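Each remark here refers to the structure printed beneath this line.
The values are calculated or read from the model by the stated rules, or taken from the named source; none is laboratory data. In this text the structure is predicted, and so the values were computed from the model without any measurement. Positions of Cβ are backbone-derived with ideal geometry, glycine not excepted, and every protein chain shown enters the neighbour counts.
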Amino acid sequence: MIRKWFRINTSDIALVQFLLEGYEGSATISTLDPRAAILQVLIMPDFTGEMESVLDHLKRRFDLQEIPAFCERTILC
């Protein structure tokens, strides 16, 4: 799986998760930190191109900023 992290406006978390979950089987979306509005997207390798296109569109539509690396102090790393 390809792992990406994004920062987004807290008010947009639910909508962005809903939109990405619509591509069922392509990616898994988790909110790692609801206060800081950090999303983790795990992309299935077979759907990398499709999900990159979707994420590029969402970056323009929402204030979705990719984080190069995100490491929580817990067992997430």
Original post:
Out of the residues in the stretch 1-15 that are aliphatic (A, V, I, L, M) and under 16 Å from E50 (Cα atoms), which is surrounded by the most Cβ atoms within 10 Å (Cβ to Cβ)?
Top reply: I2
Subject >> Residues located in the stretch 36-53, provided they are among the hydrophobic types (A, V, I, L, M, F, W, C) and outside any helix (DSSP H, G or I) >> reply: A36, A37, I38, L39, V41, L42, I43, M44
**OP:** For I75, work out the one condition from (1) at pLDDT below 90; (2) of a type in the set (V, I, T); (3) touching an Asp or Glu at 6+ places or on another chain (Cβ under 8 Å) it doesn't fulfil.
**Re:** (3)
Original post:
Looking only at the stretch 54-68, which residues are within 13 Å of the chain's Cα centre (by Cα) and either in a helix (DSSP H, G or I) or modelled with pLDDT of 95 or more (or both)?
Top reply: V54, L55, D56, H57, L58, K59
**OP:** May I ask you to list the residues in the stretch 7-35 that are polar (S, T, N, Q) and either in a strand (DSSP E or B) or in contact with a strand residue (DSSP E or B) (Cβ under 9 Å, 6 or more places away or on another chain) (or both)?
**Re:** Q17, S26, T28, S30, T31
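For (1) loosely packed, with under 12 Cβ neighbours inside 10 Å; (2) in contact (Cβ under 8 Å) with a residue 12 or more places away in the chain, each residue gets a yes or a no:
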| residue | (1), (2) |
| --- | --- |
| I29 | no, yes |
| P34 | yes, yes |
| A37 | no, yes |
| M44 | no, yes |
| F47 | no, yes |
| E52 | no, no |
| R60 | yes, no |
| L64 | no, yes |
| I67 | no, yes |
